């Protein structure tokens with residue numbers, strides 16, 4: 001199913017070139033573009049499994065599982081993990097995750113704020129802090145220590161890209177928001193580690209792929225036939241790599257909207273192409289949706305909800321079918337254009 005250049009031998013060649021040059025390596029645009037229908041999305045293979053000794057094997061296993069799952073791989077990009085982070089790609093890949101860690105409660109949607117209030121009331125937490133604010137309050141606290149504290153205390157999902165853990169800081173109970181993020185970001189600084197971006201298309205819905213092909217959040221609990229399960233079994237154990245919820249080896253776009261933006265940022269934009277070069281972007285353009293307003297959604301901004309309050313567009317489109325996402329984006333873009341967003 002995969003195009004000839006995106007296969008295990010090609011991946012090994014790309015890995016060798018990335019290590020030799022220390023620069024981004026790219027198989028180039030697929031000879032056949034992604035079809036208009038189906039699901040167009042990105043798989044991010046993370047640095048914990050793309051170490052110098054394991055990278056080629058990890059990519060070969062990833063491509064094998066994708067092919068077995070009915071996924072056509074269109075393109076493969078490899079980049080030094082540190083460069084991926086420094087250039088802002090990590091931040092843009094998970095925009096709200098980073099914004100909540102930096103800005104704390106003001107970056108939460110209204111629903112997430114309600115969840116946070118219920119959590120702090122139930123636990124007696126005196127304050128809610130973003131992860132970066134929490135670390136600045138205690139200069140001796142390291143990112144791995146903060147993550148360990150938060151995972152031991154329990155990580156409560158408040159909303160899309162928004163998580164809270166009630167732990168102690170200077171002997172006081174506080175709710176730390178996205179406390180695992182500094183350690184996650186630190187993983188991209190590992191010497192010699194790579195990050196891989198895989199452009200994909202499938203006739204299967206993204207929700208189905210995430211449920212049955214991606215695998216459980218903790219790789220040790222994932223089915224061995226899934227991406228996370230395979231990486232735990234074939235890469236983690238073979239190469240002595242400890243995988244966990246925080247470092248689980250692979251991410252798959254959470255929905256059609258997020259998939260469109262990730263494919264655009266990582267593949268189309270570096271070629272000088274716009275959002276309308278992606279299948280979902282083409283469909284929106286044909287429907288007369290102003291693409292400037294669509295681009296505004298890439299940062300996952302707060303939008304007005306149907307029943308008051310605010311929502312996160314990436315989170316609000318998780319699990320929706322492609323036609324449902326088209327309708328939602330058309331509505332949002334109309335509202336944004338009406339408020340002065342340039343068409």
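FYI, it's all coordinate maths here, none of it is from the lab. The model shown is predicted, which means the values in this text are computed figures rather than measured ones. A quick note on method: Cβ atoms are made from the backbone with ideal geometry, for glycine too, and the neighbour counts reach across all protein chains shown.
Annotation: for a label point projected 7 angstrom from Cα along Cα→Cβ of residue 269, residues of segment 285-325 with backbone N closer than 13 Å are 295-300. When all alpha carbon pairs of segment 238-343 are counted in 5 Å bins from zero, the resulting P(r) reads 2, 11, 21, 22, 18, 9, 7, 5, 3, 2, 1, 0 %. Using a/c under 1.5 as the rounded threshold, could you call segment 1-113 rounded, prolate or oblate? The axes a ≥ b ≥ c are square roots of the C-alpha gyration tensor eigenvalues, and prolate needs a/b larger than b/c, oblate otherwise. Verdict is oblate for segment 1-113.
Rounded to the nearest 500, the 222 nm mean residue ellipticity of the chain from helices alone is -11000 deg cm²/dmol, with -39,500 (n - 2.57) taken per DSSP H run of at least 4 residues.
Mind checking the full-extension length gain between residue 292 and residue 126? Use 0.36 nm per residue of separation minus the Cα-Cα distance, one decimal, nm. It would help to have the intermediate numbers written out before the result.
Working: separation 166, 0.36 × 166 = 59.76 nm, distance 4.16 nm.
Net length gain for the segment: 55.6 nm.
Put in order of Cβ neighbour count within 10 Å, fewest first, the listed residues 98, 89 become 89, 98. When the Cα gyration tensor is reduced to axis lengths a ≥ b ≥ c, the ratio a/c is 1.5 or higher for segment 40-93, and with a/b not above b/c it is classed as oblate. Comparing 184, 194, 66 in a Gaussian network model of the chain (Cα springs below 10 Å), the most mobile by mean-square fluctuation is 184. Taking 118, 107, 60 in turn, the Gaussian network model of the chain (Cα-Cα springs below 10 Å) assigns the largest fluctuation to 118. Calculated FRET efficiency, residue 282 to residue 152, Cβ-Cβ distance, R0 = 35 Å: about 0.15 to the nearest 0.05. Here the label points at residue 21 and residue 335, each 7 Å from Cα along the C-beta direction, are separated by 4.4 nm in the simple model. In this entry, segment 96-184 is assigned a mean projected area of 4.8 nm², taken as a quarter of its C-alpha convex hull surface. Going 7 Å from the Cα of residue 137 toward and past its Cβ, which residues in segment 103-129 have a backbone nitrogen under 11 Å from where you end up? Taking a point 7 Å out along Cα→Cβ of residue 137, the residues of segment 103-129 whose backbone N falls under 11 Å are 125-129. Once the gyration tensor of the Cα atoms in segment 236-299 is diagonalised, the equivalent ellipsoid follows with semi-axes of 33, 12, 9 Å, ordered largest first. Segment 114-135 and segment 143-205 have Cα centres lying 16 Å from one another.
Among 13, 167, 123, which comes first, then next, by fewest other beta-carbon atoms within 10 Å? Display every interim value, and only then the final one.
Details: 13 14, 167 22, 123 17.
So the residues, fewest neighbours to most, are 13, 123, 167.
Just want the ordering: 96, 265, from fewest to most Cβ atoms lying within 10 Å of their own Cβ.
Working: 96 24, 265 18.
Exposure proxy ranking, most exposed first: 265, 96.
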